[in-house]
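Below is one structure, written out as structure tokens; the observations come after it.
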Amino acid sequence: MAILVIAEHDNTALKAATLNTVAAAQKIGGDIHLLVAGSNCSAAAQEAATLNGVSLVKVADAAHYQNQTAENLTALVIANAAGYSHILAPATTFGKNLAPRIAALLDVAQISEITGVESADTFVRPIYAGNALATVKSADQTKVITVRSTAFDAVNRENAAKIDSISPAADTAQSTLTNRELTKSERPELGAAKIIVSGGRGLGSGENYHTLLEPLADKLGAALGASRAAVDAGFVPNDYQVGQTGKIVAPQLYIAVGISGAIQHLAGMKESKVIVAINKDPDAPIFQVADYGLVADLFETVPALVAAV
Amino acid sequence: MKILVPVKRVVDYNVKVRVKADGTGVDLANVKMSMNPFDEIAIEEAVRLKEAGIATEVIAVSCGVAACQETLRTAMAIGADRGILVETDVDLQPLAVAKLLQALCAKEQPQIVICGKQAIDDDANQTGQMLAALQNWPQATFASKVVLANGKATVTREIDGGLETLEISLPAVVSTDLRLNEPRYATLPNIMKAKKKPLDTVKPADLGVDVTPRLTTLKVAEPAKRSAGIRVADVAELVNKLKNEAKVI
Ligand SMILES: Cc1cc2nc3c(=O)[nH]c(=O)nc-3n(C[C@H](O)[C@H](O)[C@H](O)COP(=O)(O)OP(=O)(O)OC[C@H]3O[C@@H](n4cnc5c(N)ncnc54)[C@H](O)[C@@H]3O)c2cc1C
Ligand SMILES: Nc1ncnc2c1ncn2[C@@H]1O[C@H](COP(=O)(O)O)[C@@H](O)[C@H]1O
């Protein structure tokens, strides 16, 4: 039994979620192969070979894998799927875009965002915004799975796996990337940060968000996050959104400022180790999950906090 | 061009579901049901394309129990021209829905299928991508902007690092993200009009689709509850707790 893990990368470096996905593959058990499809992606392939648990890195290097479109990657994976009992991808926007396409062509179900491995065919996954955990058993020959990264500790990088190059599949030419605007930040990535400072509608404006929360994040070395309301109102870009339909995070410390704690927001952060809530409404639902709740006006509290830490 | 919009009947997003004591599922008795929020956005987008003279017909499709008729009526009240109910009591999984939609695409020949990115009950985020694969169509998931022109769709997508724009040939599947649009409220006159719009019912067998589930749910459990925390009096106490009790800063 061998497992194929699809690496997420930007041709130079792996995305962190790949390391958690390999960890989930280790729990399933079996030989683990990592697929790196990209363009001039040898740096990413070299890095892939260092991941513990990986026995073989398969590299498909071609111009039409530059932008990682689902159509082209699916064709490649389907051409190389024989012999694999499991195909895994991270449950990031990359993996969610790709994995169902692969599953459909293999005529198998896809198992979304697993948080636990019970056995080679039985997995745990959250449903209803994490308000219930389903244990599901697959009857399919091949299991196509996406992995929630916060549920599996990243593997270490002490390995030197073999790297094989494989031939690219034909370019489907169905999709062309015309623009990519990635948010630039010196701060840690939301998914990998130890501390997250997250702001909601209570901040009132993008300007307030930046002048109040950035100094706090700077002092704590934290990543910045937001509720949907803060994103919708244009305070911050979409990739800041934490929640059922945004990013799922589980840092050591999550500080929610001016966030009410709707079910959909809690779905994205309630696995954090320590939760702090600052909200002027004592009945805000966020306090039901907060380890430390401070009922106070954020406009006074946050600067005081910056001064005190 | 015709637009097909799959709409799912789900537990209303305001409801906090409870797991049944016997662990067989969640308790849906007397729970408010609504259209999946992402599908409302999909219908709204399709209706706007029709209002802009780009689309000629908007067809809403719902797969599931007879009560999905209500969801289709809601879609028609927003502006869909007609509805198709694929009626079954079988618990449908995304692959089965994708196959049903594939059969309907063969019949209706839409140029674009606009679906939600994820159903908020199963949180699967699969159906649109699966349909695109089965049709061998391109896909643009998690859309926050859609422009149709010259047989192409230009779609801005919300991705983990920010935004990207794809150009895909039609026919294609697009799945909606939250910021694509703000769905209108259905007005009373439109709700009345929707009652007269055509609604066809078919069965999976009529479409030649086997909808047998591939995944068996062995149990459904409540997630671990967080133990209740404390209220701190002020910033000084908060910082003290974080440093000396939780030891996280
Ligand atoms: C399909 C769907 C998916 C969704 N997905 C997500 C998701 O992924 N992530 C997400 O976050 N939301 C999501 N939502 C939205 C969610 O339901 C809430 O609307 C949203 O989380 C509310 O954001 P908020 O807490 O910032 O705003 P509000 O609920 O408006 O809360 C603002 C809070 O700020 C407090 N406040 C105001 N002023 C001050 C002050 N001066 N000092 C201190 N406190 C103050 C208020 O007391 C209030 O509690 C989704 C909704 C739907 C329907
Ligand atoms: N039973 C269904 N009936 C109609 N549309 C559905 C159904 N299930 C899923 N869909 C569509 O597929 C999208 C994604 O659902 P899912 O893959 O289940 O998360 C939804 O937003 C709907 O547009």
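The values are calculated or read from the model by the stated rules, or taken from the named source; none is laboratory data. This structure is a prediction, so every number in the text was calculated from the model and none was measured. Note that each Cβ is placed from the backbone with ideal geometry, even for glycine, and that neighbours are counted across all protein chains shown. Note: areas computed on protein heavy atoms with side chains; ligands, DNA, RNA excluded. Shrake-Rupley method; radii C 1.70, N 1.55, O 1.52, S 1.80 Å.
Of the peptides A:113-123, A:143-153, how do they stack up when ordered by the mean number of other Cβ atoms within 10 Å, highest first? Walk me through the numbers on the way to the answer.
On the way: A:113-123: 18.6, A:143-153: 25.0.
My ranking of the peptides, most packed first, is A:143-153, A:113-123.
For the options A:Gly246, A:Gly29, A:Gly261, a Gaussian network treatment of chain A with springs between C-alpha atoms closer than 10 Å singles out A:Gly29 as fluctuating the most. Listed by chain and number, the aspartates and glutamates placed with their C-alpha closer than 15 angstrom to that of A:Lys58 are A:Glu8, A:Asp31, A:Glu47, A:Asp164; residues fewer than eight positions away on the same chain are left out.
One compactness figure for the protein assembly as shown is 0.96, namely its Cα radius of gyration divided by 2.2 N^0.38 Å.
Could you state the per residue volume, in Å³, of the convex hull enclosing the Cα atoms of segment A:194-261?
Working: hull volume 4.9 nm³, N = 68.
About 72 Å³ per residue, rounded to a whole number.
To the nearest 500 deg cm²/dmol, what mean residue ellipticity at 222 nm is calculated for the protein assembly as shown from DSSP H runs of n ≥ 4 alone, each contributing -39,500 (n - 2.57), summed and divided by the residues?
Numbers: 14 runs with 137 residues, N = 558.
Taking each H run of at least 4 residues, the total per residue is -7000 deg cm²/dmol.
For A:His9, the residues whose amide H sits under 5 Å from its own are A:Lys15, ignoring neighbours fewer than 5 places away on the same chain, with H placed 1.01 Å from N.
Could you work out the Rg to Rh ratio of segment B:1-116, with Rh taken as the Kirkwood radius (inverse of the mean 1/r over all Cα pairs)?
On the way: Rg = 15.0 Å, Rh = 14.8 Å.
My calculation puts Rg/Rh at 1.01.
Counting, for every residue in A:155-161, the Cβ atoms of other protein chains within 10 Å of its Cβ and taking the mean gives 0. Mean sequence separation of contacting Cα pairs (under 8 Å, at least six apart), scaled by the length of chain B, corresponds to a relative contact order of 23 percent.
Hey, in the GNM for chain B with a 10 angstrom Cα cutoff, which one of B:Thr216, B:Thr24, B:Thr141 fluctuates hardest? Ranking B:Thr216, B:Thr24, B:Thr141 by mean-square fluctuation puts B:Thr216 first.
Of all aspartates and glutamates in the structure, the ones whose alpha carbon falls short of 14 Å from that of B:Lys20, not counting any fewer than 8 places away in one chain, are B:Glu222. Amide hydrogen proximity for A:Glu118: with H placed 1.01 Å from N in the peptide plane, the residues at 5 or more positions away or on another chain lying under 5 Å are A:Phe123, A:Val124.
Give the average, rounded to an integer, of partner chain Cβ atoms located within 10 angstrom of each Cβ in A:87-96. Write down the numbers at each step before the final one.
Values: counts 0, 0, 0, 1, 1, 3, 11, 3, 2, 10.
Other-chain Cβ atoms within 10 Å of each residue's Cβ, averaged: 3.
Each principal axis of the Cα cloud of segment A:13-121 was evaluated for its coordinate range; sorted largest first, these ranges are 38, 30, 26 Å.
Enter the accessible area per residue of the protein assembly as shown (Å², integer; probe 1.4 Å; all protein chains in place).
Value returned for the protein assembly as shown: 39 Å² of accessible area per residue.
Could you work out how far the C-alpha centroid of segment A:231-271 sits from that of segment B:31-74, in angstrom? Result: 28 Å between the Cα centres.
The accessible area of B:Arg48, taken with all protein chains in place and a 1.4 Å probe, comes to roughly 100 Å².
Pop out the carbon and sulfur fraction of the accessible area of segment B:44-176 as a percent, whole number, probe 1.4 Å.
Details: 1830 of 3900 Å².
That fraction is 47 percent.
Surface calculation, 1.4 Å probe, protein heavy atoms: A:Ser175 sits at approximately 20 Å² accessible. Straight-line cross-link partners of A:Lys273 among the aspartates and glutamates, defined as a Cα under 16 Å from its Cα and at least 8 positions apart when in the same chain: A:Asp153, A:Asp291, B:Glu245. The modelled label-to-label distance for the pair B:Ser169/A:Lys280, using points 7 Å beyond Cα in the direction of Cβ, is 5.7 nm.
Summed over both chains, the contact between A and B buries some 6600 Å² of accessible surface at a probe radius of 1.4 Å.
The mean number of Cβ atoms from other chains found within 10 Å of a Cβ in peptide B:83-94 is 1, as a whole number.
Rank B:Glu237, B:Glu222, B:Glu44 by accessible area, highest first, at a 1.4 Å probe radius?
Values: B:Glu237 60, B:Glu222 90, B:Glu44 5 Å².
Sorted descending by solvent-accessible area, the residues read B:Glu222, B:Glu237, B:Glu44.
If B:Met35, A:Met1 are ordered by their accessible area, calculated over protein heavy atoms with a 1.4 Å probe, which sequence runs from highest to lowest?
Details: B:Met35 15, A:Met1 125 Å².
Descending order: A:Met1, B:Met35.
Ranked from largest, the principal axis spans of the Cα set of chain B equal 65, 43, 40 Å. Pairs of Cα atoms nearer than 8 Å and 6+ residues apart set the relative contact order; for chain A it is 15 percent.
Only Lys, Arg, Asp and Glu count, each charged at its Cβ (+1, +1, -1, -1), so figure out the dipole size of the protein assembly as shown about its Cα centre, rounded to 20 debye. All intermediate terms of the calculation are to be shown ahead of the outcome.
Values: 54 positive and 60 negative charges, 125 e Å.
Computed charge dipole of the protein assembly as shown: roughly 600 debye.
Share of carbon and sulfur in the accessible area of chain A stands at 48%, probe radius 1.4 Å. On the basis of the beta-carbon distance and an R0 of 45 Å, B:Thr201 and A:Gln46 show a calculated FRET efficiency of 0.20.
Counting only heavy atoms of the protein chains and using a 1.4 Å probe, B:Lys193 has close to 130 Å² of accessible surface. Here each label is just a point 7 Å from Cα along the line to Cβ, and for B:Asp22 and B:Asp210 those points are 2.9 nm apart. Largest first, the residues B:Asp234, B:Asp122 sort by 1.4 Å accessible area into B:Asp234, B:Asp122.
Could you tell me the distance between the Cα centroids of segment A:159-206 and segment B:160-235, to the nearest Å? About 24 Å separates the Cα centre of segment A:159-206 from the one of segment B:160-235.
Among A:Ala89, A:Ala223, A:Ala192, the residue with the largest mean-square fluctuation in a Gaussian network model of chain A, with springs joining Cα atoms closer than 10 Å, is A:Ala192.
Quick one: which of A:Lys137/A:Lys247; B:Lys107/B:Lys145; B:Lys2/B:Lys197; B:Lys107/B:Lys195 span more than 20 angstrom between C-alpha atoms? Correct reply: A:Lys137/A:Lys247; B:Lys107/B:Lys145; B:Lys107/B:Lys195.
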